[in-house]
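Structure, as C-alpha cells:
The values are calculated or read from the model by the stated rules, or taken from the named source; none is laboratory data. Treat the numbers as computed from the prediction; the structure is a model and nothing was measured. Neighbour counts are summed over all protein chains in view; Cβ atoms, including those assigned to glycine, are modelled from backbone coordinates with ideal geometry.
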Amino acid sequence: MAGRTRYDDLPPASEGGRSGWPAGGLPDNLGSIALQTPERVRRAARLVERGAVFSLNAPLDAFGHEQWGRVLVRRTALHPPGALFFDDVLDGMALQGSSQWDSLGHVGYAPDTFYAGASEASVAAGDRNTIDHWARRGIAGRAVLLDMAGAWQDRGEVLDPTSPTEFSVADLEYARERARIVYEPGDILVVYTGFAEYFAQLSTAQRTEMEFISPGLAHSEDICRYLWDSQFSAVASDNLAVEAFPADFSQENAPFGALHRMMIGQLGLALGELWWLKDLVQDCRTDGRWEMLLTSAPLNVTGGIGSPANVLVLK
C-alpha cells in the first residue's frame, strides 16, 4: 500500500465523494486496519519508554442513554448462599454503549451498499465487515493525540463539550503543529474534546434532557481528503460519533452531512467513540509527548457490529 492513490485521484462514488474501494488498495473486511503492518507495529512499540499504562475505557455503565437506544447495562452477581464462588452475567448490554469501536458494517455509504460493496444481507448474516474480522487480527499501532480543548485554550476560548462545534482541517493542523506531530502511515488519530468526562458526571435526569450534540470533525469533503491522505488506520475520539453531532442523513446533504457514510462506507476507517481520554491528556500535557503505542482487543463476537474498545495506551 506504499504510495497508494491520493483521495482526489480515487474514482468518484455514485452519490458524491470518492470511493476508497477498490482503487484504494485496502482489503475486504479489514479496511484501514490493514495499514497496521508488522513493521509499523514494531516502530510503535519503541515508543514505550516509561512503562506508563493508560486505559481508555470508561465503565460499561458510564454513558447509558435510553433515547439513543443504548440502555445502561445490567449486571447480576451469581452466588448461591454459602457457596465458595461468585460469577456474574450482563443483561441488555449494548456493544456500542460505552467506549467502543464501530465496525465496517455499522453505517453504509448508500442503501444496500456498505464498505467494499457489501450488501445489507451480507452484513446481517455476519459474512462481511463485522467486528470479528478485527477481533481475530487485533488492533495495534502508533497513536497520535490531538488536544482540541487545549488548542481552543491557546486561542483564549473554551471548547464547549455540549456544542456542535466542527473541527476544520485548519483546526486539526493547528492542534497537530502545537503537539509537534508528524503523521506516519498507519497512525491511529485520537481527538480529545472533553465530552466524555462531561457527560459521565451528569445525572440520569440530565442525560435524558440532553440532546444528541457534541463537537467533532467537520462535515466536509476536506476532512475526508485529510483523513485518507494522512493514511490513518483508525480515528477515535471521546465524543459521540467522531464527527460533530447532530449529523444530517438527508439525501440533500449526502454523503458529507453524515460523515460516517464516507468515513466507514467509502474510506473503510475504523472509528472509536466515547473513549476515556482525560487521564491520558493530562499526562501528555505534562510530559509533552503526544505519540504512543496503542493496543485494542475488540470482542470476538461472531457477526458483531460494534464492540467495547478494550484499549490500552503505553508510553
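Have a look at LEU274, LEU312, LEU267 and point out the one that is surrounded by fewer than 24 Cβ atoms within 10 Å (Cβ to Cβ), within 18 Å of the chain's Cα centre (by Cα) and aliphatic (A, V, I, L, M). Answer to the check: LEU312. Residues of the range 234-258 that are surrounded by 24 or more Cβ atoms within 10 Å (Cβ to Cβ), modelled with pLDDT of 95 or more and within 19 Å of THR162 (Cα to Cα): ALA236, SER237, ASP238, ASN239, VAL242, GLU243. Screening GLN231 with (1) of a type in the set (S, T, N, Q); (2) modelled with pLDDT under 95; (3) within 23 Å of ARG289 (Cα to Cα) gives one miss only, at (2).
Residue-level check: of (1) in contact with a His (Cβ under 9 Å, 6 or more places away or on another chain); (2) under 21 Å from LEU56 (Cβ atoms), ASP248 misses just (2). Restricting to the range 103-159, and then to whatever is in contact (Cβ under 8 Å) with a residue 60 or more places away in the chain and hydroxyl-bearing (Ser, Thr, Tyr), can you tell me which residue is farthest from GLY303 (Cα to Cα)? My answer is TYR109.
Let's see how each residue does on (1) in contact with a strand residue (DSSP E or B) (Cβ under 9 Å, 6 or more places away or on another chain); (2) at pLDDT 90 or above; (3) more than 29 Å from PHE114 (Cβ to Cβ):
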| residue | (1), (2), (3) |
| --- | --- |
| GLY31 | yes, yes, no |
| GLU49 | no, yes, yes |
| ASN57 | yes, yes, no |
| GLY69 | no, no, no |
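Consider THR130 carefully, then state whether it is modelled with pLDDT of 95 or more and hydroxyl-bearing (Ser, Thr, Tyr). Taking the combined requirement at face value, the residue satisfies it. Here is the figure for the range 258-284: residues that are touching a residue at least 40 places away in the same chain (Cβ under 8 Å) and in a helix (DSSP H, G or I) total 9. Evaluate the following for VAL158: is it in contact with a helix residue (DSSP H, G or I) (Cβ under 8 Å, 6 or more places away or on another chain), within 24 Å of LEU56 (Cα to Cα) and surrounded by fewer than 16 Cβ atoms within 10 Å (Cβ to Cβ)? For VAL158, the condition - in contact with a helix residue (DSSP H, G or I) (Cβ under 8 Å, 6 or more places away or on another chain), within 24 Å of LEU56 (Cα to Cα) and surrounded by fewer than 16 Cβ atoms within 10 Å (Cβ to Cβ) - is met.
Let's see how each residue does on (1) surrounded by 21 or more Cβ atoms within 10 Å (Cβ to Cβ); (2) touching a Cys at 6+ places or on another chain (Cβ under 9 Å):
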position: VAL107; (1), (2): yes, no
position: ALA121; (1), (2): no, no
position: LEU145; (1), (2): yes, yes
position: ASP154; (1), (2): no, no
position: VAL169; (1), (2): no, no
position: ALA175; (1), (2): yes, no
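Checked against the criterion of being touching a strand residue (DSSP E or B) at 6+ places or on another chain (Cβ under 9 Å), assigned to a helix (DSSP H, G or I) and either farther than 24 Å from ILE305 by Cα or of a type in the set (A, V, I, L, M, F, W, C) (or both), the candidates ALA143, ALA135 yield just one match: ALA135. Restricting the search to helices (runs of 4 or more DSSP H) fully inside the range 161-250 and requiring at least 1 residues that are farther than 24 Å from LEU280 by Cα and within 13 Å of the chain's Cα centre (by Cα) gives an empty result.
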